[in-house]
1. Given points 7 Å out from each Cα along the Cα-Cβ axis, report the A:E46 to A:F187 separation in nanometres with one decimal.
2. Cα centroid distance between the stretch B:44-64 and the stretch A:175-244, in Å?
3. With every protein chain present, what is the per residue accessible area of the stretch A:2-111 (1.4 Å probe, Å²)?
4. Label 7 Å along Cα→Cβ of B:D139; the stretch B:154-175 residues with amide nitrogen under 18 Å?
5. For A:K272, go 7 angstrom from Cα along the Cα-to-Cβ vector, then report the distances to that same point in the other copies in nm, smallest first.
6. Using θ = phi - 60° and the Karplus relation 6.51 cos²θ - 1.76 cosθ + 1.60, list the HN-Hα couplings for the stretch A:183-199 in order, rounded to whole Hz, with x at every Gly or Pro.
7. Taking the Cα centre of each part, how many Å lie between the stretch A:1-43 and the stretch B:1-27?
8. Along Cα-to-Cβ, 7 Å out, sits the label point; list in nm, shortest first, how far the one on A:E206 is from those in the other copies.
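The values are calculated or read from the model by the stated rules, or taken from the named source; none is laboratory data. A quick note: this is a predicted structure, and the numbers were derived from the prediction, not measured. Neighbour counts run over all protein chains shown; Cβ positions are idealised from the backbone, glycine included. The accessibility values were calculated without ligands, DNA or RNA, using every heavy atom of the protein model including side chains. Shrake-Rupley method; radii C 1.70, N 1.55, O 1.52, S 1.80 Å.
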There are 2 protein chains.
Amino acid sequence: MLHVIGLGLGDSTDITVKGLEIIRMCDRVYLESYTSILSTNLKDLERFYGCSILEADRELVESNADEILPKDEKENVAFLVVGDPFGATTHSDLILRAREKDIKVKIVHNSSILTAIGCCGLQLYRFGETVSIPYWNNDWQPNSFYEKIISNRQRDLHTLCLLDIKIKEPTIESIAKKKKEYMPSQFMSVSEAATQLLKIIEEKNEETKEEPVLEESSLVVGLARVGWDNQRIIACSLGEMASIDLGPPLHSLIIPAINLHPLELEFITLYKCK
Amino acid sequence: MLHVIGLGLGDSTDITVKGLEIIRMCDRVYLESYTSILSTNLKDLERFYGCSILEADRELVESNADEILPKDEKENVAFLVVGDPFGATTHSDLILRAREKDIKVKIVHNSSILTAIGCCGLQLYRFGETVSIPYWNNDWQPNSFYEKIISNRQRDLHTLCLLDIKIKEPTIESIAKKKKEYMPSQFMSVSEAATQLLKIIEEKNEETKEEPVLEESSLVVGLARVGWDNQRIIACSLGEMASIDLGPPLHSLIIPAINLHPLELEFITLYKCK
């Protein structure tokens, strides 16, 4: 059987009791290590779970998934995912491959950044479509996420912006070579995301004379390391967010609806910059 | 300190190791018992956690919250919530009351129906605003949720419909009396929700001649007891869903986007009625 187990967001103790019991009886245990990070390292997880863990990078999961799947009916394999197992598309693919081979699949859910952001006090049922903000480079500066933020805001909905993560991405030069070389890991900060948004707003304002739906003075919420012991939340203007340092990754940015519920407003006030 | 601890969706073992460790050192433990249910009962939870648990109904949480909060700095109180602590508005209120009194609050996240529905194979980042479908009665038949479903569908987004739950609601007759009497618990099924949607569609079609965005033949997904051992998922037309029995609560209904990603389509096909 393939067990896809969510680890939650913080440290080794954020696994569920059910998940831990399953890991301890599995023959092989993989940790998906390229879409998110925990506050702890592999050695600590191994010590806490009482077993050795194989790292599963993007190449293994997307190109050699059969290596991960159980070899026969008796083998139990655990595939560990930070957050909830269904946060990233790529795990649906692994599950489908297992089902195609008539391998049974069991899911153990856990918390996900998609709901844990409720800790800032904005109501989860008022969030519209989630967007991802990617790193720009000289040739590639997509801004389709901006239109989605505006569309949510026009319908009085909040937007969660997931910020780009680059873990173990091959360098362009090395792709042609036999031996892959990887870029250093990169995690977009709330200030980088706010800076990109401000650039888009500036360009749009030059094009049109309409009243802006999102502007430099709009309230935004920055969250860092949600679910970790050193979690931080800051509510300030988009302009201010561009120069705020919330420390180490992971960061997320929320663009709230224009109108807040009194309870939301009271909660968010706890996180305002003094 | 007030510890607000998510229990996840299934049984007693869906709590996180962190959550369990905190419960075991708390002086008082409450279980919020009116916005959701687990597959297990209070006695089993008490046995597994190794402590006695007080039930917190709507009246206690919304009208007498101070009773729940720690009496002094030394007291540790656990407030247990099915799913994630931030699924229901009312818990934001409890946290704000604690903060007002300078009581420290710690959150232990867990899985929520809002993300666990990813198990049907529809991508979580393609969900628009979540809606709630309430029970209708003779005098009150709101349908604002329908417009939100249509708005999501027009932007090629999925909609999660949370279905009405009535637990320990006082009868209208008893509200005037000194002694409250309660209605039997009610949990809306996917077939009841589909039936209400079909009625709205019928009325709208009479009003307009436009091409319908949602119709009897549209694909919908019914989910029952997500995260429980006896979880069920069915994909069929809205018309068929009106006569499908997915068994005991809780049920949720998803109205997918009109266009599915090939991976979503492949996954959903696993759940098609044969």
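1. Once both label points are built, they end up 2.2 nm from each other.
2. Distance between centres, Cα-based: 41 Å.
3. 41
4. Residues B:169-175 fall inside that zone.
5. 5.5
6. Once θ is set to phi - 60°, the couplings for the stretch A:183-199 become 6, x, 4, 9, 10, 5, 8, 4, 6, 5, 5, 5, 4, 4, 4, 4, 4 Hz.
7. Using only Cα atoms, the two centres lie 18 Å from each other.
8. Those separations, rounded to one decimal, come out as 5.6 nm.
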